[in-house]
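Quick notes on the structure that follows.
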Amino acid sequence: MLTLKGRHRGSWEVSVTMNRMKLLPVMAFRGVRQNKLVYRPYLMACFFSVFSYYLFSSLLHNDLMERLPKAAYAWLMLALGKGLLSIILLLFLIYAGSFLQKRRKRELGLYSLLGLERKHIGIMLFWENLGMYLVSVSAGVILGFVLNKLMFLLLLRMSRLPVDVAFRFSMDAVIETLRYFAAVFLCVYVKSLWSFYRMKPTELLSESRKGEKEPRRIALWSAVGAVLLVCGYYISVTSKLDEMIFTDFFLAVFLVVLGTYFVFTSGSVAFLRFLKKRKNIYYRPSNQVTISGMLYRMKKNAAGLSNICIFSTMLLITLTCTVTLWTGMDQIAYYDYPYDMEASYSESSDVAEKAREKAAELSEEHGQGVWRLDDYYAMALNCGRVEGSNAFVSAAGLEFADQFAVTLLLLDDYNRLEGQNKSLEEDEVLLYSTGSSFGYDSVNFLGVEAAVKEEPERIYPFPQAKNRMFNFTAQYVIVVKDWQAFDRFVSAWAVTNGVTDLEGFLHSGERRLSILLDGKETERDAFIEAWSVWCQGQQGFLRLDNGLDGRDEDRSMNGGLLFIGMVFGLLFFMCLLLIMYFKQVSEGYEDQDSFGIMRKVGMSDAEIRGTIRRQILLVFFLPLAGALLHTAAGLVMVNGLLAALRFFDTGLLIRCCVGVATVVALLYGGSYVMTAGTYYRIVRK
């Protein structure tokens, strides 16, 4: 027998170690290539994640976002979106990496039994993660560089910002992306090392075939899951548009996510066990195989299916909000700014007599028709409202959400604005609300009593929410008979709020001259510019409110939200597709032996395929059913959140949701067909 001693043995060990070190990168590459069925979609997910993150970073680091007019809102939306994106990508890639680790455990266990030390396997995994990091980051940044300008122009287009601008490459965005994904891949690598080092080689060999652990106390956790879902749904359905709407939203999301996990991991198993105990249902040939197979699958894969349900819900909600905002953007803009330009003057100004003549002159000069030219005197007063009564009180000491703007309007001005011929007695008023109706026959305005003769359907300068259930930021308009009644209401407010100069305050209202043009909004600038110059030159001028600029700011903010919604919608769909694919692949490898056993007990291939098809269809479409249920329950809260952006068209929201749900269901079905094909190819081997 040949033995090596002394320095010969030491040199031989060094040589073997060096050869082994050189071999480890090759083994890492070979492992990825041999498992390309699971590594290919994972690399695609990493690649798309890098592209998404780099896209946000490059837009935020571009100087144009600071120089462009009205781009501050879009920049803010992108910054918030990037922060949320960084959290989602970290959690998702760690979750997706766990599928790879599970698939490789058998291979790593075999390496350990063949004599490869753990430190060498750790180095091999390092090379593997490093390779995927370099490939993903390189491909993602290159694609981002190629498509960056296109995405930038898309953002500008959605935000209604100027598009004739240059776009420069940002090295800071590249460095930030490299650092972020280095940290992400390091987390994935540390997690894979932890799951490898805590197991023996023999455990690793069988680990790849193990499913998720069956939960204990199934009945208890099923009940807890049901209660959490009911609580989440209750908060969503009963939420009000107030300062707590966002707190309620996150609480409802947390409860629904937690409830979904418990219902899928425990509730589904409890339900299948219930069916198994019903002899008239279970002891039928097709039902017996289907229920037994589903019970086995739910024990092993319920946690993954709950993730599919949650990502499907996120996809539905995100796309519904995005499509609704896109279709309702003009509605939001005109709600906040019903006029193209509004000029305010002191009470004594006689500007209205000259305005129509000047408007006709500019209309002929610029080819713009005048849709409305309104002149009215108004005073806006900040008040509180006693809930459940007809009384308005002082707003001093009240929270912002409990304060309302009450505008006093003269009857003559109301009749002129709305083309009406109403009349009022001395102690009568018309009371109009932009939110829910006032609902009382009389009003007490800080001690002044008046009968409410009528609640008008509309007053143009004060647009009404189509869904009048929302009182958040609602305004009230009180139409009084004459100047004497006007002064009585103003005096009551002044005395209650401690105004010392009562005479001066009585004349502090504003005469408003407002214009809305008939033509394309993009062609109104020249008219509005000339009109604003004329308005500022009139006696008693106070200030200008440019509705065109205000609408542009609204669209800029909502355009940033739309862009984020589009990117996040694609991201959630990619996550959903990848999880479905990994579930089918992992189940395919686990079911190879089951197919063989079924054939041995006499089942034909057609019967086996039919049984497996029913099981997979039921199991994989349960998350979609859960997602549709979650979305339907959350639609009330989504309606409230959109109302905070001045979108009140509930009918349009429902139509958009139905359309999005239909498209997502079709995409989900197509994704299932493609991934199911991969499953059948694996189990037939």
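The values are calculated or read from the model by the stated rules, or taken from the named source; none is laboratory data. Given the structure is predicted, the values throughout are model-derived calculations rather than measurements. Neighbour counts run over all protein chains shown; Cβ positions are idealised from the backbone, glycine included. What goes into the accessible areas is simple: the full protein's heavy atoms, side chains included, and nothing from ligands, DNA or RNA. Shrake-Rupley method; radii C 1.70, N 1.55, O 1.52, S 1.80 Å.
General remarks:
- Each of Lys119 and Ser98 was given a label point 7 Å from its Cα along the Cα-to-Cβ line. The distance between the two points is 3.1 nm.
- Across region 483-496, computed HN-Hα scalar couplings (Karplus, 6.51 cos²θ - 1.76 cosθ + 1.60, θ = phi - 60°) run 5, 5, 5, 4, 5, 5, 5, 5, 4, 4, 5, 5, 5, 4 Hz from first to last residue, x flagging Gly and Pro.
- With the highest mean first, a sort of the peptides 670-676, 510-516 on other beta-carbon atoms found within 10 angstrom per residue produces 510-516, 670-676.
- Computed lengthening from Ser423 to Phe29, 0.36 nm per intervening residue step minus Cα-Cα distance: 133.1 nm
- Gain upon complete extension [Trp194, Leu629; 0.36 nm per residue less C-alpha separation]: 152.8 nm
- Between the beta carbons of Asp336 and Phe274, assuming R0 = 60 Å, the FRET efficiency works out to 0.65 to the nearest 0.05.
- For Thr327 and Asp501, the difference between the fully extended length at 0.36 nm per residue and the C-alpha to C-alpha distance is 57.8 nm.
- Packing-based order for 331-343, 352-364, using average beta carbon neighbours within 10 Å, highest first: 331-343, 352-364
- With contacts taken as Cα pairs under 8 Å and at least 6 residues apart, region 401-549 reaches a relative contact order of 26 percent.
- Solvent-accessible heavy-atom area per residue, rounded to whole Å², over region 437-557 at 1.4 Å: 47
- Counted charge near Val638, where neighbours are those whose Cβ lies closer than 13 Å (Asp, Glu -1; Lys, Arg +1): -2
- Modelled spin-label separation between Arg40 and Asp487, with each label point placed 7 Å from Cα along the Cα-to-Cβ direction: 8.6 nm.
- Size of region 344-400 from its Cα atoms: along the principal axes, largest to smallest, the extents are 52, 25, 19 Å.
- Label-point separation in nm, Phe621 to Val533, each point 7 Å along Cα→Cβ: 6.8
- Protection proxy ranking, peptides 419-427, 146-154, 645-653, average beta carbon neighbours within 10 Å, highest first: 645-653, 146-154, 419-427
- Part-to-part distance (alpha-carbon centres) for region 380-442 and region 34-51, which is given in Å: 61
- For Leu411, the solvent-accessible surface with a 1.4 Å probe is about 10 Å², rounded to the nearest 10.
- For region 371-492, taking Cα atoms only, Rg and Dmax work out to 13.7, 42 Å respectively.
- Heavy-atom accessible area ranking, 1.4 Å probe, most first, across Arg273, Arg157, Arg40, Arg551: Arg157, Arg40, Arg273, Arg551
- Compactness of region 616-665 was expressed as the Cα radius of gyration divided by 2.2 N^0.38 Å, which yields 1.34.
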